[in-house]
Amino acid sequence: METTPDHAATAGLAAVGPAGAMLSEEDRASVERLLRDADAHGVHLRFIRRGQANSLQEAAAAIGVEPREIVKTLVARAKVTQTTKEHSYVLALIPGDRQVDWAKLRRLAGMKKMSMTAPEEAVEATGHRPGTITPFGAESAEGVRWPIYADESITGRIAMGAGAAGLSLFVDSAALFAAYDVVTADITRTAPPG
């Protein structure tokens, strides 16, 4: 497991991926965008190369955290009204050991209907590929940023996607929430065992 001290000293992460492998052009652009965004918002990030993981438990063990400390960034397509095709997106930050409660998130966001996006739609909405999505640098090709909602149980230092496969980042949740105007509320339920 290899960590880097902070994002200011990690420009090399944009070129080098897990275990010294080169990042793809897409991953490099994603990581560079999230670094610029975190810098612009004054948020301190710490990166770790974790390699591939086949489960939440493997990912948590690889970076030395509990599964609840890994926060998933979900991209949801939100329909504004029942009768129109107008829609928007929201990002939902969910602890790894819980799952989103769509009814709660929908009510909080004030949307009539909400569902997960298809992988290619998530890329269009955030610029990050599924499995690497993070609020940092997440915006559409047109520069549109989406509202961010987080489960109220998220506190302290958390790990999340870092824009490239095999990378995770650590961030203080309070710093993230303040810098990005994240709305916190009860938006999850217990995940089924397994």
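The values are calculated or read from the model by the stated rules, or taken from the named source; none is laboratory data. Note that the coordinates shown come from a computational prediction; the quantities given were computed from them, not determined experimentally. Positions of Cβ are backbone-derived with ideal geometry, glycine not excepted, and every protein chain shown enters the neighbour counts. All accessible areas refer to the heavy atoms of the entire protein, side chains included, with ligands and DNA or RNA removed. Shrake-Rupley method; radii C 1.70, N 1.55, O 1.52, S 1.80 Å.
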Qualifying residues in the stretch 101-147 (those that are more than 24 Å from residue 167 (Cα to Cα) and among the charged types (D, E, K, R)) - the one most open to solvent (accessible area, probe 1.4 Å): 107
Condition broken by residue 17, with the remaining ones in (1) open to solvent by 40 Å² or more (accessible area, probe 1.4 Å); (2) over 20 Å from residue 144 (Cα atoms); (3) at pLDDT below 90 satisfied: (1)
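Evaluate the stretch 161-173: report whether one residue or more is open to solvent by 60 Å² or more (accessible area, probe 1.4 Å) and either on the phi > 0 side of the Ramachandran plot or of a type outside the set (Asp, Glu) (or both). Walk me through how you get there before you give the answer.
Keep residues of the stretch 161-173 that are open to solvent by 60 Å² or more (accessible area, probe 1.4 Å), which gives 172.
Subsequent filtering for residues that are either on the phi > 0 side of the Ramachandran plot or of a type outside the set (Asp, Glu) (or both) retains none.
Looking through the stretch 161-173, none of the residues is open to solvent by 60 Å² or more (accessible area, probe 1.4 Å) and either on the phi > 0 side of the Ramachandran plot or of a type outside the set (Asp, Glu) (or both).
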Can you tell me which of (1) of a type in the set (Asp, Glu); (2) under 20 Å from residue 131 (Cβ atoms); (3) open to solvent by 50 Å² or more (accessible area, probe 1.4 Å); (4) at pLDDT 90 or above is the one residue 69 doesn't meet? (3)
Quick check on my filter: what residues within the stretch 148-160 are surrounded by 18 or more Cβ atoms within 10 Å (Cβ to Cβ) and farther than 12 Å from residue 128 by Cβ? 148, 149, 150, 151, 154, 158, 159
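Based on what the data block shows, is residue 40 out of contact with any strand residue (DSSP E or B) (no Cβ under 6 Å at 6 or more places or on another chain), exposed (fewer than 15 other Cβ atoms within 10 Å of the Cβ), modelled with pLDDT under 85 and assigned to a helix (DSSP H, G or I)? Write out each step before concluding.
Details: out of contact with any strand residue (DSSP E or B) (no Cβ under 6 Å at 6 or more places or on another chain): yes; exposed (fewer than 15 other Cβ atoms within 10 Å of the Cβ): yes; modelled with pLDDT under 85: no; assigned to a helix (DSSP H, G or I): yes.
No.
Does residue 91 fit the bill of being under 16 Å from residue 134 (Cα atoms), open to solvent by 30 Å² or more (accessible area, probe 1.4 Å) and touching a residue at least 24 places away in the same chain (Cβ under 8 Å)?
Numbers: under 16 Å from residue 134 (Cα atoms): yes; open to solvent by 30 Å² or more (accessible area, probe 1.4 Å): no; touching a residue at least 24 places away in the same chain (Cβ under 8 Å): yes.
Judged against the criteria, residue 91 is not a match.
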Pick out the one residue from 129, 107, 189, 145 that is among the basic types (Lys, Arg) and under 13 Å from the mean Cα position of the chain (by Cα). 129
Evaluate the stretch 107-121: report whether one residue or more is touching a Gly at 6+ places or on another chain (Cβ under 8 Å), touching a residue at least 40 places away in the same chain (Cβ under 8 Å) and closer than 16 Å to residue 72 by Cβ. no
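Considering 178, 165, 141, 174, which residue is in contact (Cβ under 8 Å) with a residue 40 or more places away in the chain and of a type in the set (A, V, I, L, M, F, W, C)? Let's see the steps before the verdict.
Details: 178 fails: in contact (Cβ under 8 Å) with a residue 40 or more places away in the chain; 141 fails: in contact (Cβ under 8 Å) with a residue 40 or more places away in the chain; 174 fails: in contact (Cβ under 8 Å) with a residue 40 or more places away in the chain.
Exactly one residue qualifies, and that residue is 165.
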